[in-house]
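Only the coordinates and a few stated rules stand behind these numbers; no lab work does. Model, not experiment: these values are computed from the prediction. Using ideal geometry, Cβ is built from the backbone for each residue, glycine included, and neighbour counts are taken over all protein chains shown.
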């Protein structure tokens with residue numbers, strides 16, 4: 001148990017990476033994998049999943065005891081919460097409201113993770129990012145993504 005408590009960050013990173021890798025391999029295996037010369041839709045996800053599994057093992061093996069105990073400051077908690085909220089906002093709004101409002105809200109929330117950003121700056125970043133994405137994906141590449 002001492003191994004886990006002294007290397008908590010590395011152990012948690014290894015567990016999350018391993019879980020995502022196993023999920024990707026499991027989901028990718030449900031598609032046709034194919035061969036190296038004729039790759040199927042599941043080939044690349046399975047390779048990436050196995051790479052993540054190997055990386056998780058390497059993270060765990062290479063972990064060392066922490067010299068400074070892990071603490072969580074107000075700034076770190078704010079950053080984690082706003083970034084998590086931005087992921088959730090994107091997932092919940094992309095299909096219902098379209099690309100522009102979803103990206104605006106996502107970038108707005110993510111930029112508030114930095115306590116030096118003001119609401120105006122965050123709003124301008126959100127609008128600018130949404131405009132850039134609309135120009136790149138809809139106009140430049142001609143993709144059929146709903147803007148609103």
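Some notes on this structure:
- Conditions (1) within 17 Å of the chain's Cα centre (by Cα); (2) farther than 27 Å from residue 12 by Cα; (3) in contact (Cβ under 8 Å) with a residue 24 or more places away in the chain: number failed by residue 79: (2)
- Flag for residue 139 being part of a helix (DSSP H, G or I) and in contact with a helix residue (DSSP H, G or I) (Cβ under 8 Å, 6 or more places away or on another chain): no
- Taking the criterion of being more than 24 Å from residue 146 (Cβ to Cβ) and free of Cβ contacts under 8 Å to residues at least 12 places away in the same chain, the residues of region 89-119 that qualify are 116, 117, 118, 119.
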